[in-house]
Structures are given as structure tokens and as C-alpha cells.
1. By the gyration tensor of its Cα atoms, with a ≥ b ≥ c the square roots of the eigenvalues, what is the shape of the stretch 364-420: rounded for a/c under 1.5, prolate for a/b over b/c, or oblate?
2. Quick check on the chain: helices-only [θ] at 222 nm, where DSSP H runs of length 4 and up contribute -39,500 (n - 2.57) each and the sum goes over total residues. Nearest 500, please.
3. Obtain the nm distance between the two label points defined at Lys278 and Ser413 by a simple spin-label model: each point lies 7 Å from its Cα along the Cα-to-C-beta direction.
4. What order do you get for 344-356, 16-28 when each peptide is scored by the mean count of other beta carbon atoms within 10 Å, highest first?
5. On each of the three principal axes of the Cα atoms of the stretch 301-446, give max minus min coordinate, whole Å, ordered largest first.
6. If the label point is 7 Å along Cα→Cβ of Asp123, which residues in the stretch 266-309 have backbone nitrogen under 14 Å from it?
7. With the cut-off at 1.5 for a/c, could you classify the stretch 110-256 from its C-alpha gyration tensor as rounded, prolate or oblate?
8. Anything in the chain that counts as a DSSP H helix reaching 30 Å or more along its axis (C-alpha) with Kyte-Doolittle mean of at least 0.5? List them, would you?
Amino acid sequence: MARKLFGTDGVRGRANDAPMTPETALRLGQAAGRYFTSGGHAHRVLIGKDTRRSGYMLETALTAGFTSVGMDVFLVGPVPTPAVGMLARSMRADLGVMISASHNPFQDNGIKFFGPDGFKLSDAAEEEIEALLDAAPELAEPALIGRAQRIDDGRGRYMEFAKTTFPKGLRLDGLKVVVDCANGAAYRTAPEVLWELGAEVVPLGVSPDGFNINKGVGSTHPQAAVAAVVAHRADLGVTLDGDADRVMIVDEKGVVADGDQLMALIADRWAAEGRLAKGTLVATVMSNLGLERHLSAQGLTLLRTAVGDRYVVEAMRAGGYSLGGEQSGHIVMTDYVTTGDGLIAALQFLAAMVETGRRASELARVFPAFPQVLANVRYQKGRAPLDEASVKAAIAAAEARIDGRGRLLIRKSGTEPLVRIMGECEDPELLRRVVGDIEAEVARFA
């Protein structure tokens with residue numbers, strides 16, 4: 001069965017437009033509640049969110065849906081996405097829900113489900129929940145309607161857990177760290193954890209108002225962190241996205257390192273310590289060819305998956321691997337967490353700085369990256385530019401020109417009406433031309 005509602009990372013859309021409406025959230029709560037209800041024990045669901053204004057609306061609708069089918073709801077308020085996975089498992093919830101559209105602007109929102117093991121649901125589970133949306137909900141008897149309550153210590157539980165991932169006996173004393181929280185879910189969590197570990201913290205993007213999440217700040221707008229690092233002469237910049245499941249690192253010179261460089265650093269260190277399971281890093285088809293060549297030179301393996309951290313995690317679980325992630329900054333370390341965690345990944349980088357005594361700029365350039373060009377073409381709803389014959393011909397011609405010197409990846413976004421074009425090539429001028437040709441042809445049908 002093809003999924004219509006769920007994308008590559010839950011359900012996402014513009015707030016108060018289908019499917020991101022209170023009605024859909026209510027029905028999703030009822031369907032997911034029915035899917036996860038089994039046996040006679042009390043069933044519970046944990047709901048977290050980021051700082052978008054629409055989060056209140058969706059949180060209330062989901063709560064109504066879950067309680068109407070007999071589930072108790074625990075509301076933890078604004079917390080990072082990885083905290084929901086961690087808390088769902090530690091509090092023995094039947095499922096966890098995160099209300100967030102990650103790096104998107106405030107107008108958008110989304111709903112992500114986590115199972116009782118703390119991992120995001122599989123495609124098959126989401127398909128079954130979708131199927132239940134078409135059936136009448138099995139409403140609970142009046143005496144069995146669930147109740148809702150707020151949990152005040154959810155954020156604190158996650159913060160204490162995050163600190164345990166930093167090597168015992170080490171401190172961040174003497175390091176000045178800019179931390180950009182994108183006015184999002186980690187606006188209190190990340191600065192407090194870094195400060196409690198000893199760092200001098202320069203906070204940025206920590207004044208959410210419901211509308212400014214990801215606006216000019218965060219991992220998708222690292223220029224703000226770059227400017228702050230340079231202005232404050234900081235040792236490091238840590239820039240998170242709206243739900244704090246991804247991170248970019250800014251060195252003391254103001255140069256940004258992406259997820260590929262961070263994964264390479266962690267993979268090298270873990271391999272040397274015997275912690276990199278099966279000598280393998282799991283990443284997506286978007287990761288740079290330079291990363292693949294670097295790992296190969298170290299005798300390590302890069303296993304590629306489809307785009308989306310959920311697919312990285314599925315491959316990690318299936319193969320028993322311990323490290324994976326995406327170029328965009330999702331770093332998954334299953335020794336610690338069940339999904340991408342920007343703060344815990346940043347702590348791994350900081351641990352390397354403390355243990356080696358080296359500057360961020362020395363650690364953040366692990367391999368020379370292939371020149372890479374990314375282009376996004378937005379298209380109107382109902383259109384399918386990649387199905388057009390001339391677009392297919394343009395892509396084939398470009399692939400022939402670049403063959404042997406690089407690669408192209410053209411795909412439809414799973415979360416937005418975008419065609420994403422990525423190219424890598426040893427010849428940057430050829431790369432710009434072939435990507436530009438494809439972009440122009442796709443735009444004709446957008």
C-alpha cells in the first residue's frame with residue numbers, strides 16, 4: 001500500500017492546511033492509539049514539541065485523539081526530538097510523538113511517531129496507521145477515557161542523560177562555545193548542558209516567540225553562528241536546527257563543517273578505540289565522495305542508504321552498526337540515542353578537542369571534499385517534473401558528461417514540493433554547467 005499521509009519523516013505540511021489540521025491530528029491520535037493498544041494494561045503516550053505557535057493546537061488535538069481511545073497522555077513541552085525517543089523508552093510509554101517540522105519555517109509543522117523502543121516507526125507501521133484512518137475509531141467507554149498530565153522533569157531527564165555521553169572525568173573548562181539553538185526545542189537544553197560541563201557559553205537563538213524558529217539562525221543558517229564565533233573569539237560554534245536532531249560545527253576561524261566531516265571524525269576515533277561496529281559508517285546517498293574515499297583509505301566501509309535519518313537508522317539496526325548519519329548534520333549513535341542528536345554529536349566533537357588539545361579547525365577538516373553543488377527547484381502541487389521526457393533526457397545527458405569524474409543525484413523531496421539536484425565532480429566548472437542544465441529543464445515544468 002502506498003503511503004499518502006506519511007512522508008520520509010512523519011506527517012508534515014503547512015499549519016492549519018491539510019494535512020496539518022486539528023482534525024487530522026485528532027484522527028492520527030485515534031488511529032495511532034488503536035495501533036498501539038493491546039492487552040489490558042494502562043496505555044500511555046508521551047508528546048513533545050518544538051516552539052512553533054501551531055504546536056499548541058496540534059498538541060491539544062492529538063491529546064484529544066489519544067485520550068478518546070483510552071490512552072493516558074504525558075506532555076513534556078518543548079524538548080529536542082531525540083529526547084522524545086529517549087523518554088518514551090525510559091518511561092515505558094507505548095509510543096512517543098514529536099510535534100515539529102524540524103528545519104522548516106514556523107508556518108510548517110509535523111508529527112513524528114516513535115515506538116516503545118524509542119525508534120521512529122517503520123514504513124510498514126505508518127502504512128497500518130494510515131489504513132486505520134479510514135475506519136471508525138474505537139472510542140473508549142466513559143470510565144476508560146484517558147487523562148492528560150504535564151511532566152515537568154522531562155527536559156531535565158534528557159539533560160542529565162546527555163551529560164553521561166561525555167567522557168567521564170573530562171570537563172569543558174576554558175572553552176568558549178557559541179551555541180545557536182535556532183529559537184527551537186533546545187533553547188534551554190543545549191546551553192545549560194554545555195555550561196554545566198564547564199564551558200563558557202555564548203547563547204544564540206534562545207528567544208523563541210512562536211514565529212522565529214529557524215529564522216536566520218540554526219544549522220540551516222549558520223552565518224549567525226559564524227559571526228558570533230568570530231565576534232566573541234570563541235573556540236567553537238555549535239548550531240542546531242529547530243528540533244535539535246541535527247548539528248553543524250563552526251571552527252574558531254568561522255568555517256562551517258558539515259555532518260560528513262563530523263561523522264568522519266567520530267568514525268576515525270571510534271575505529272581506533274574499537275567502538276565502530278563492524279568498521280562501518282552508515283550514511284545516505286547525499287554524503288560526499290570524499291568521505292567514502294577517506295574511509296576506504298582507513299580500511300573502513302561506507303554503507304549508503306536512501307535520504308532520511310530513519311533509513312540510516314533502519315540500516316544500522318539491521319546490520320548491527322553503531323554510527324550513521326547525514327551530511328545535513330543528523331548524527332546517529334545507537335550506543336546512546338535512537339535518532340539524530342545534535343547536542344550529543346557536538347559533545348563528541350568537544351570531547352575530541354579536550355582529549356587531543358587540538359583546535360576545532362584542526363579536527364573539523366578530516367578529508368578533502370569533492371566540489372558539490374546543490375540546487376532546489378520548487379514546483380506546484382499536482383505537477384511531476386521528473387516524469388517529463390525532456391527532463392529525463394537532460395538528466396541522462398548530464399550523467400553521460402560527468403561519468404567517471406563524479407556523480408549526480410536527482411530526487412523529489414519527501415517533505416516539501418521540491419526537486420533536489422545534487423552533483424559532485426572533480427571539475428567544478430563542468431559540475432556547475434551540468435547541474436544548471438538540469439535545473440533549467442526541471443524549472444520549465446515546475
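1. Verdict is oblate for the stretch 364-420.
2. Calculated from helices alone, the mean residue ellipticity at 222 nm is -11000 deg cm²/dmol.
3. The answer from the label model is 3.3 nm.
4. The most tightly packed comes first, giving 344-356, 16-28.
5. On the principal axes, the stretch 301-446 reaches 54, 33, 26 Å in Cα extent.
6. 305-309
7. prolate
8. Passing helices, by number: none.
The values are calculated or read from the model by the stated rules, or taken from the named source; none is laboratory data. As the structure is a prediction and not an experimental result, all values here were calculated from the model. Every residue, glycine among them, receives a Cβ derived from its backbone with ideal geometry; neighbour counts consider all protein chains shown. Side chains are part of the model used for accessible areas, which takes the heavy atoms of the whole protein and leaves out ligands, DNA and RNA. Shrake-Rupley method; radii C 1.70, N 1.55, O 1.52, S 1.80 Å.
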